[in-house]
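Presented below is the structure to which this report refers.
The values are calculated or read from the model by the stated rules, or taken from the named source; none is laboratory data. These numbers were taken from a predicted model, which means no experiment stands behind them. No Cβ is skipped: glycine too gets one built from the backbone with ideal geometry, and neighbour counts run over all protein chains shown.
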Amino acid sequence: MKIRNIALAGHGSSGKTSLGDALLFRAGVTNRLGKVDDGTSFLDFDEDEVNKRASINVKVATFDRGEVRINLIDTPGYLDFAGDMYSGLSVADSIVVVVDASSGMEFVTEKVVEYAGERSLPRAFFISKINKENVDFEKVYNELKSDIGDGLLPITIPFGKGPNVKGVIDILQMKAFTPDGETDVPDDMKQKVQEFRDKLVEAIAESDETLMEKFINEEEITGEEVQNALSKGFKEGNVFPVFAGDSLSLIGIDPVLYYFETLFPSPSEVKLPDDLKSVDGPVVAYVFKTVFEPHVGVMNLVRVFRGTLKSGETLLNTTTGKEEKINQVFLLKGKDRTDTKELEPGSIGALVKLKETKTTHTLASPSDPVKLEDLVKFPEPLISVAIVPRSKGDEDKVSNGLARLHDEDPTFHHTFDVETKQTLISGLGEQHLDVIINRLKRKFGVEVDTEKPRIHYRETIKAKAEAQGKYKKQTGGRGQYGDVYLRIEPLERGKGFEFVDEIVGGVIPSKYIPSVEKGVKEAMEQGFLAGYPVIDLKATVYYGSFHPVDSSDIAFKIAASMAFKNAMEKAKPVLLEPILEVEVFVPEEYMGDVIGDLNSRRGKILGMDRVGKYQRVRAYVPEAEMYKYSNTLRSITQGKGTFTQKFAFYEEVPHDIAEKIIAERKKEMEENK
């Protein structure tokens, strides 16, 4: 069977899932048109997706049209769920980039186009919602062309404008299509259609010598010749077909289905992962999504890149080195599954009851144990929140649930912060973490409350100081004696800790010097101002004394700690806070609000520049000021802004703010005694 693996991708709310629902309805897969906005989408079936009216997970719908099997891959369009977006794109052989006619190229759309280019994936464009008020198709197309290039070629164009759009005209077939079926090209559109067709033929002929000769000599070029050249250019990544339509009105859907069969590439016609030379040979399959359901167990979605995967065989998980028995094999159609005995080369399906296989793992024949790598580079988490089980005794259930959810979604991380004694969950945004918390409850029966993560403050000094620490204890029998003179001085930020031994003449025997260093380090860990670790400091032991009987390692460790604390009193100690390097991407009209908000967060603006159609604002912002920033950014940019952040350095906290932090910390430490 001929296979097409086609991903639908683009910015959130551009109409990807609606296009998928419309395609499935027109293909006869569903008997009603599913709609995202009323919670009836065939593809957005997950409870969280129904509630949010947005795609969260990558989904697959497999259906046949004659001798062609289409695996439609629906991907999320919001960066909170970018992990699933990239997972879906990693197993596609081509992409339909969905662009809202009233919004044009948006940030995620640009990311999808960039990713497709890096992977040499053929990409087509579907301009959606063309029947909205004030939408001008040619204007939208020309704007898109300025972003993508001259290879962007319209295949279908609308007739009518705005709410009066009746259908589309296929300029290759010279046919018109309405939601009711095929019809004649309207007389008032014939000249425009011919103009579009001539431009299309000329553009395609430029990459085909035979066609160019015919074009120059004004010889007739048949529709078949044009389509063959178009198909070649599309598969080579030089031509980007454009379709127009509206999914809810079923405008322009039928031609897309037709070209899925006749224009889009099969698995053997596109670039394979670097480790593979052909789709034929011993089986190699890649797990692009793991799903856990309470009544089903673990289900792994796989793409077969080489060979045929058969039920009953044993494959090697080349990621873990362990064998897996292949039991049931399914084809997917949204949430529905159909049993199948095998998955041929290029197929996408689902496997259940695998014991140690999860997202990004490779399953291969033991005779040729290929491991597919670098198919997906997942984005790192952006934000974190602390969680606390609502019921005591649920800690193990929470831990198990978090581990399972990480298997499903590698962009979700969880850890126990030893310093703050908090369990942290980290993800790509507030919506992402909301979904994780909902799934903990729904799938694992455990509820958690959230807390603000405690900041990893640090302490340091601004001046050089010297002090003595003398520990002397006599309690009958052998006593304790240690005497240390210590000099401390600041180091450059980021230099850490340096210990120097300047003892001469054996006033402190060399065997006790390691204990002196240990005492200093332990005192640094305990902090001085507010119990936060001290960093970027040089400590020098330069004098002292000992007792031949009473001195010991413990005595010198305590004496060194005392000397350190005494020196800190005089060394102008200050509180440091982590500073993040933040990049915010927004349309130009929101720049003022975004910069004003960053300034209100004690941010320091580093610069601004243009990235595609967006403005990038770079700033240093204290981590303490970035909690729930994505909610604020979404609010002030109407959902059009995105950001990244990463640790940059530690910086001194302003005095008035430091006083409050120190007071709160001391109160907390007192309460926890």
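Of the residues 543, 532, only one is among the hydroxyl-bearing types (Ser, Thr, Tyr) and either within 17 Å of residue 470 (Cα to Cα) or in contact with a Gly (Cβ under 9 Å, 6 or more places away or on another chain) (or both); which?
Result: 543 is the single residue among 543, 532 that is among the hydroxyl-bearing types (Ser, Thr, Tyr) and either within 17 Å of residue 470 (Cα to Cα) or in contact with a Gly (Cβ under 9 Å, 6 or more places away or on another chain) (or both).
Which condition breaks for residue 119 when tested against (1) more than 16 Å from residue 247 (Cβ to Cβ); (2) out of contact with any Leu (no Cβ under 8 Å at 6 or more places or on another chain); (3) surrounded by fewer than 18 Cβ atoms within 10 Å (Cβ to Cβ)?
So residue 119 meets the others, but not (2).
Just wondering, is there one or more residues in region 169-190 that are small (Gly, Ala, Ser), at pLDDT 90 or above and surrounded by fewer than 16 Cβ atoms within 10 Å (Cβ to Cβ)?
yes
Residue check: is residue 372 within 24 Å of residue 4 (Cβ to Cβ), outside any strand (DSSP E or B) and aliphatic (A, V, I, L, M)?
yes
For region 1-107, list the strands (runs of 3 or more DSSP E) that sit wholly inside it and hold at least 3 residues that are touching a Phe, Trp or Tyr at 6+ places or on another chain (Cβ under 7 Å); which are they?
Here the list reads 94-100.
Of all residues in region 385-400 being in contact with an Asp or Glu (Cβ under 9 Å, 6 or more places away or on another chain) and surrounded by 13 or more Cβ atoms within 10 Å (Cβ to Cβ), which is nearest to residue 80 (Cα to Cα)?
The qualifying residue nearest to residue 80 (Cα to Cα) is 385.
Quick check on residue 377: is it modelled with pLDDT under 90 and over 20 Å from the mean Cα position of the chain (by Cα)?
No; evaluated as a whole, the condition is false for this residue.
Would you be able to tell me the number of residues in region 411-423 that are of a type outside the set (A, V, I, L, M, F, W, C), touching a helix residue (DSSP H, G or I) at 6+ places or on another chain (Cβ under 9 Å) and surrounded by 18 or more Cβ atoms within 10 Å (Cβ to Cβ)?
Number satisfying all stated conditions: 3.
So, in region 509-551, of the ones that are crowded, with 19+ Cβ neighbours inside 10 Å, among the small types (Gly, Ala, Ser) and out of contact with any Leu (no Cβ under 8 Å at 6 or more places or on another chain), which residue ends up farthest from residue 571 (Cα to Cα)?
551
So for region 564-582 (the condition being surrounded by 19 or more Cβ atoms within 10 Å (Cβ to Cβ) and under 30 Å from residue 113 (Cβ atoms)), does at least one residue qualify?
yes
For region 604-644, name all the residues that are in contact with a Gly (Cβ under 7 Å, 6 or more places away or on another chain), buried (at least 20 other Cβ atoms within 10 Å of the Cβ) and modelled with pLDDT of 90 or more.
Matches in region 604-644: 619, 621, 633.
Conditions (1) free of Cβ contacts under 8 Å to residues at least 24 places away in the same chain; (2) under 25 Å from the mean Cα position of the chain (by Cα), marked per residue:
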site: 96; (1), (2): no, yes
site: 108; (1), (2): no, yes
site: 113; (1), (2): no, yes
site: 116; (1), (2): no, yes
site: 145; (1), (2): yes, no
site: 170; (1), (2): no, no
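Return the residue satisfying two criteria in turn: it lies in region 320-354 and is of a type in the set (Val, Ile, Thr) and surrounded by fewer than 19 Cβ atoms within 10 Å (Cβ to Cβ), and of such residues it is farthest from the chain's Cα centre (by Cα).
Among residues in region 320-354 that are of a type in the set (Val, Ile, Thr) and surrounded by fewer than 19 Cβ atoms within 10 Å (Cβ to Cβ), the one farthest from the chain's Cα centre (by Cα) is 340.
Are any residues in region 652-662 surrounded by fewer than 15 Cβ atoms within 10 Å (Cβ to Cβ) and touching a strand residue (DSSP E or B) at 6+ places or on another chain (Cβ under 6 Å), and if so, which ones?
652, the sole residue that qualifies.
Quick one: which residue in 592, 544, 519 is in a helix (DSSP H, G or I), among the small types (Gly, Ala, Ser), touching a residue at least 12 places away in the same chain (Cβ under 8 Å) and not assigned by TED's automatic domain parsing to the domain that holds residue 109?
Criteria check complete, one pass: 519.
Which of the residues that make up region 464-480 are among the hydroxyl-bearing types (Ser, Thr, Tyr) and within 58 Å of the chain's Cα centre (by Cα)?
471
Quick one: count up the residues across region 319-359 that are acidic (Asp, Glu), assigned to a loop (DSSP other than H, G, I, E, B) and in contact with a strand residue (DSSP E or B) (Cβ under 6 Å, 6 or more places away or on another chain).
Qualifying residue count, region 319-359: 1.
Tell me which residues, restricted to region 1-41, are farther than 30 Å from residue 268 by Cβ and basic (Lys, Arg).
The answer is 32, 35.
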